[in-house]
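The structure appears right after this line, and notes come after that.
Nothing in this text is a laboratory measurement; each read-out follows from the coordinates by a stated rule. Just so you know, these numbers come straight off a predicted model, no measurement behind them. Cβ placement follows ideal geometry from the backbone for every residue including glycine, while neighbour counts extend to all protein chains displayed.
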Amino acid sequence: MNEIMKRTIERKLERTAENLRKNNIDAYIAEDCADAVKITESLMKENDTISCGGSVTLAESGVLELMKSGKYNFLDRSQASDRESVEDIYRRTFTADVFLTSANAVTENGELYNVDGNSNRVAAILYGPKSVIFIVGCNKVVRTVDDAVKRVKTCAAPPNADRLNCNTPCTVTGECVSLKAGGDMPSGCRSEGRICCNYVVSAWQRNKGRMKVILVKESLGF
């Protein structure tokens, strides 16, 4: 990455962080994944009960490894033996100290955009856990909510649907079928495996500082 591109990314992240703070969302800028892990660790206490949504970013950044370090009481759905146990973890997550996740997109205006299928992730983002920490690669920062909508339909949903083995049109075409008809936010396929079911834009927050966003100067996740 050349110096001009680095500075462009830095300015974008600085602008986004400033606007997140204006929305009562704490914001941090991490130089790289190792820095993001350090910041995340500073925002949690040993023995905190923590949980997370499904996230490629958490794994790629090294944050998932921190979560599994033994320092925390990790409600880990990947260790559940059956669906009933998974659902139990979803419900216990609402009383967790910390919920960790990524965002599908963050606007430069300081808004978080998330789309979910099962929707345990967006539910926990909105209410329940005392603290919500987002790890967000610079590739997920966009100018507007409209850009966030398009990003999910082209960059996030297709690879995620493929990763989850969902039989949807986007796993074949690489983009949402709704784009041919304008691609408004809630439109999409009607497949049984559709992962774009609930749409959440988080703007100004009443609970100041409950949401914390770590913007990383690296590309992470989908």
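For the stretch 1-92, the list of trypsin sites (Lys or Arg not before Pro) that fall in a loop by DSSP and count at most 14 other C-beta atoms within 10 angstrom reads 45, 68.
The local environment of residue 96, defined by Cβ-Cβ distances under 14 Å, has a net charge of +3 under the rule Lys, Arg +1 and Asp, Glu -1.
By its C-alpha gyration tensor, with a ≥ b ≥ c as the square roots of the eigenvalues, how is the chain shaped: rounded for a/c under 1.5, else prolate for a/b larger than b/c, else oblate? Intermediate results must be reported in sequence, preceding the final value.
Working: a/c = 1.55, a/b = 1.06, b/c = 1.47.
Oblate, since a/c reaches 1.5 and b/c is not below a/b.
Could you calculate the FRET efficiency of residue 78 with residue 109 from 1/(1 + (r/R0)^6), where r is the beta carbon distance between them and R0 is 35 Å, rounded to 0.05? Taking R0 as 35 Å, the efficiency between residue 78 and residue 109 is 0.50. Under the convention that each Lys and Arg Cβ holds +1 and each Asp and Glu Cβ holds -1, the size of the dipole of the chain around its Cα centre is about 520 debye.
Enter the mean projected area of the convex hull around the alpha-carbon atoms of the stretch 61-113, in nm², rounded to one decimal.
That works out to 5.1 nm², a quarter of the Cα hull's surface.
Annotation note: trypsin sites (Lys or Arg not before Pro) in the stretch 157-192 located in DSSP loop regions with a Cβ neighbour count of at most 11 within 10 Å are 190. Sorting 57-67, 121-131 by average packing, meaning the other beta carbons within 10 Å per residue, from highest down gives 57-67, 121-131. Could you tell me how far the Cα centroid of the stretch 18-71 sits from the Cα centroid of the stretch 90-132, in Å? Cα centroid to Cα centroid, the span is 13 Å.
Considering only Cα-Cα distances, which of the following residue pairs are longer than 24 Å: 6/38; 22/153; 12/150? Exceeds cut-off: 22/153.
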